[in-house]
Amino acid sequence: MTNPFSTDFIAAHNAQLSGALAADYEALATTLARRNIDVAAIKEKAKEFAVAIPSWGVGTGGTRFARFPGIAEPRNIFEKLEDCAVIHQLSQATPTVSPHFPWDSHDDMLAVRDYADSLGLGWDAINSNTFQDQASQALSYRFGSLTHTDAAVREQAIEHNIDCIEWGKVLGSRSLTVWIGDGANFPGQQHFSRALERYLDSTRVVYDALPDDWLMFLEHKMFEPAFYATVIQDWGTNILCAMELGDKARSLVDLGHHAPGENIEMIVSRLIQFRKLAGFHFNDSKYGDDDLDSGSINPYQLFLVFNELVDAEHNRAEGFAPAYLLDQSHNVTDPIESLINSAEEVQRNYVRALLIDREALYGFQGSNDALMASNTLKLAFNTDVSPILAMARMEAGGAIDPIACYRAGNYKAALVDARPALGNTGSGIV
Ligand code: PSV
Ligand code: MN
């Protein structure tokens, strides 16, 4: 592996920027002190923040029409881990990887775990995939998987999820995320309640196979690949299923899986209130499940989501420990750069939400001062917390300017020969 990002390399890069950073950080500390906020305490919280990298996110994504691969794409789980390690080294915000099976399958999962260990990476939620057919599989998921009308197809999908749990045990994961593409493309095609009953019957078997200390994350999505109706279409169906299954089942919120304009932060609040929030697949969207970089389209929405999360932290909501994961598709950027940027954007909105004067907000809510309640949020959102993020990163061993440092390392250019093109330029999801 060619990894130019040694501690010395990063430190030398930081040396050019640390003087300006110290000045910016001090100026921000003064501003925040006037608001009774201790910048050092916020910086420590920033250091504790982590978001998992989706293994599928380090390859170039594609739309239904085309894929334009970048150079030196990772070709297997080992190379994906190498790219994830670079992202974490520079950002110091992404210590874990969320793998997707069978995309990341390998004969020797112990070797995969050892390799991640050697790179300083851990594991987050395992993802199953019964939304595509694999060359080796006996029965097709064309008309569904866990909800298929044919019991044999359902059994095959259940088995795959149980295999995922086994692989996850080897890696040291503690959660399984289940997203299915099952649904209908035509009105009348599917009996809604029978399909949902089949889903519950299938997921109950998977749920029962979970180790005691594991959680099952159910993921909803209102459309695609089924364009008329999906079986687990929204957070309502999701939480009903999670309640049916039991304590270990929670609802995962992928920001792109809702109707345009939906109040996602309110969904988050409801899931927290009923102790059913699994966590997030962070990304951004303009029209649908666009899987764009986090914070690139609607950063205020991301901030409002974190307002709810920090509120729960503040009030010490029982059992509150959501999983933070990215789930993006990078079509025109180097995925490493997009993931570094996105991790920072998610962290940025967490830190901004920490700046909200919560007691003042509760006061304005109580006195129905709508304008000042909104302004209280805006004051935090409009604060440029970049110096806190950069200082936290530098102190943790990361780069003050991770994108500039990454570009200075010429990482991908140096890997072109070692990682020849896959030749897959067709359409396709990741
Ligand atoms: C589906 O659109 C999804 O959001 C699910 O999380 C999948 O596992 C992921 O994308 C990867 O394609
Ligand atoms: Mn997702």
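Some notes on this structure:
- Answer residue from region 49-97, given it is among the aliphatic types (A, V, I, L, M), assigned to a helix (DSSP H, G or I) and out of contact with any Pro (no Cβ under 6 Å at 6 or more places or on another chain) and is farthest from Cys405 (Cα to Cα) among those: Ile77
- Residue that is surrounded by the most Cβ atoms within 10 Å (Cβ to Cβ) [pool: residues in region 155-166 that are away from ligand 1 (no atom under 15 Å from the Cβ) and closer than 25 Å to Ser98 by Cβ]: Ile158
- Condition broken by Thr130, with the remaining ones in (1) away from ligand 1 (no atom under 16 Å from the Cβ); (2) of a type outside the set (A, V, I, L, M, F, W, C); (3) crowded, with 24+ Cβ neighbours inside 10 Å satisfied: (1)
- Within region 243-258, the only residue that satisfies the criterion of being out of contact with any His (no Cβ under 9 Å at 6 or more places or on another chain) and within 16 Å of ligand 2 (Cβ to nearest atom) is Arg250.
- Arg270 being more than 13 Å from the chain's Cα centre (by Cα), more than 15 Å from ligand 2 (Cβ to nearest atom) and in a loop (DSSP other than H, G, I, E, B): no
The rows are residues; the columns are (1) surrounded by 12 or more Cβ atoms within 10 Å (Cβ to Cβ); (2) assigned to a helix (DSSP H, G or I).
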residue	(1), (2)
Thr2	yes, no
Phe9	yes, yes
Asn14	yes, yes
Ala20	yes, yes
Tyr25	yes, yes
Thr30	no, yes
Asn36	no, no
Lys47	yes, yes
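- Meeting the requirement of 1 or more residues that are more than 16 Å from ligand 2 (Cβ to nearest atom) and under 30 Å from Asp247 (Cβ atoms), the helices (runs of 4 or more DSSP H) wholly within region 292-401 are 299-314, 335-354, 358-366.
- Residues located in region 173-214, provided they are crowded, with 21+ Cβ neighbours inside 10 Å and either within 16 Å of ligand 2 (Cβ to nearest atom) or farther than 21 Å from Glu155 by Cα (or both): Ser173, Ser175, Leu176, Thr177, Val178, Trp179, Ile180, Asp182, Gly183
- The listed residues are Arg250, Arg142, and the only one of them that is within 16 Å of ligand 1 (Cβ to nearest atom) and either without any contact (Cβ under 8 Å) to a residue 40 or more places away in the chain or surrounded by fewer than 21 Cβ atoms within 10 Å (Cβ to Cβ) (or both) turns out to be Arg250.
No value in this document is a laboratory result; all are computed from the given coordinates. Quantities reported herein were computed from a predicted structural model and do not represent experimental measurements. In this analysis, Cβ positions are derived from the backbone assuming ideal geometry, glycine residues included, and neighbour counts consider all displayed protein chains.
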